[in-house]
Amino acid sequence: VVRDVHFAPVDVTVPVGGTVRWTFDDGGVLHHVGSEGEFDSGIIPEGSFEHTFTTPGVYEYHCSVHRYMTGTVTVTG
Ligand SMILES: [Cu+2]
């Protein structure tokens with residue numbers, strides 16, 4: 001969930017093939033989730049964004065509107 005200018009939880013772990021959904025629920029405040037070369041939600045005020053992870057690794061992502069908003073997705077093999 002994207003709320004209070006924060007990702008909650010900040011860090012998640014999923015198996016290969018797992019999908020992570022970010023739900024934008026911050027009263028219309030514009031946010032974004034993106035990981036260079038991996039995924040990019042665009043800047044949106046509400047709704048949700050999903051990405052399916054097909055390669056193991058640790059993916060750091062951030063909100064380009066609020067650079068201090070960061071999180072990680074760990075994908076286990
Ligand atoms: Cu943001």
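Here the chain is treated with +1 on each Lys and Arg Cβ and -1 on each Asp and Glu Cβ, and its dipole about the Cα centre works out to around 60 debye. Computed 3J(HN,Hα) for the range 6-12, one whole-Hz value per residue from the Karplus formula 6.51 cos²θ - 1.76 cosθ + 1.60 where θ = phi - 60°, is 7, 8, 9, x, 6, 10, 10, glycine and proline marked x. Can you give the net charge of the other residues whose Cβ lies under 10 Å from the Cβ of Asp4, counting K and R as +1 and D and E as -1? Charge balance in the 10 Å sphere: -1. Taking all protein chains as they are arranged and a probe of 1.4 Å, the heavy atoms of Thr13 leave approximately 90 Å² accessible to solvent. Within the range 1-71, the chymotrypsin sites (Phe, Trp or Tyr not before Pro) that combine a DSSP coil assignment with at most 15 other C-beta atoms in a 10 angstrom radius are Tyr68. Seen from Thr19, the other residues with C-beta closer than 15 Å to its C-beta sum to a net charge of -1, counting Lys and Arg as +1 and Asp and Glu as -1.
Rolling a 1.4 Å probe over the protein heavy atoms gives the range 11-76 an accessible area of 55 Å² per residue. Using 0.36 nm per residue and subtracting the Cα-Cα separation, the extra length available between Thr19 and Thr55 on full extension is 11.8 nm.
The values are calculated or read from the model by the stated rules, or taken from the named source; none is laboratory data. This one's a predicted model, so the numbers in the text were calculated from it and none came from an experiment. Positions of Cβ are backbone-derived with ideal geometry, glycine not excepted, and every protein chain shown enters the neighbour counts. We work out accessible area using only protein heavy atoms, side chains counted, and drop any ligands, DNA or RNA first. Shrake-Rupley method; radii C 1.70, N 1.55, O 1.52, S 1.80 Å.
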